[in-house]
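Undergrad: To start, I am sharing the structure in question, which I have written as C-alpha cells.
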Amino acid sequence: MQKRSRYSVTVDRANMILIIRLHSLRGDQDPGPDLIDRLATVETPWLFNALFDFRRHEADLSRDYLSFLTEKWTAFTRGRDSGRTMALVGGNPDLTFNLKAMLDVMPNRSIAIFDTFDEGLEWIKAGEDIRKVA
C-alpha cells in the first residue's frame, strides 16, 4: 500500500506561506488527491514558504515515512524552492528526533523545528535564515 496522508492545506497568499497539517495515514482506496497532487493546484507552490504541522498526526511518523514525504516534496519542487523556509511543528520529543533527519535532506531550504504552530509561523514571517533544532 502506498503511503498517503489525510491532510489539510491552507494557502496564505498574503504572506506566501503554505500551511500543511497532516492528520493520519490513509489507504489508496480513500478518495481525494495526495498531498503533492493538491499542492500542484497552487500556482508556483515552490515560491511559498511552508509550515508542516505534524502535531495531530495519529499514525507513527517514522524516519522512513518522513523520508518518503521529503522525497516526494523534493521531486515535486525540483530545486525550485531554493531559498524558501520550512517550519516543522512536532510537539513531542520522539517526533522532533525524527524530524531532525529532514534537516540535511533539503540543503537549499532554511528548516527549523518547533513545538508550537505559532512559533513556526512567527519564524517564517520573521524571515530568519537559520537551521534551528528545538
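The values are calculated or read from the model by the stated rules, or taken from the named source; none is laboratory data. These numbers come from a predicted model, not from an experiment. Positions of Cβ are backbone-derived with ideal geometry, glycine not excepted, and every protein chain shown enters the neighbour counts.
Undergrad: Name the single residue that is surrounded by the fewest Cβ atoms within 10 Å (Cβ to Cβ) among those in region 69-126 being of a type in the set (Ser, Thr, Tyr), touching a strand residue (DSSP E or B) at 6+ places or on another chain (Cβ under 6 Å) and not in a helix (DSSP H, G or I).
TA: Within region 69-126, the first condition is being of a type in the set (Ser, Thr, Tyr), and the residues that meet it are 70, 74, 77, 82, 85, 96, 110, 116.
Now narrow it down to the ones that are touching a strand residue (DSSP E or B) at 6+ places or on another chain (Cβ under 6 Å): 85, 96, 110.
Remaining after also requiring not in a helix (DSSP H, G or I): 85, 110.
Values: 85: 24, 110: 20.
The extreme case among them is 110.
Undergrad: Which of the residues belonging to region 44-68 are in a helix (DSSP H, G or I) and either at pLDDT below 85 or surrounded by 17 or more Cβ atoms within 10 Å (Cβ to Cβ) (or both)? Spell out how you get there, then give the answer.
TA: Step one: list which residues in region 44-68 are in a helix (DSSP H, G or I), which gives 45-47, 63-68.
Selection gives 45, 46, 63, 64, 65, 66, 67, 68.
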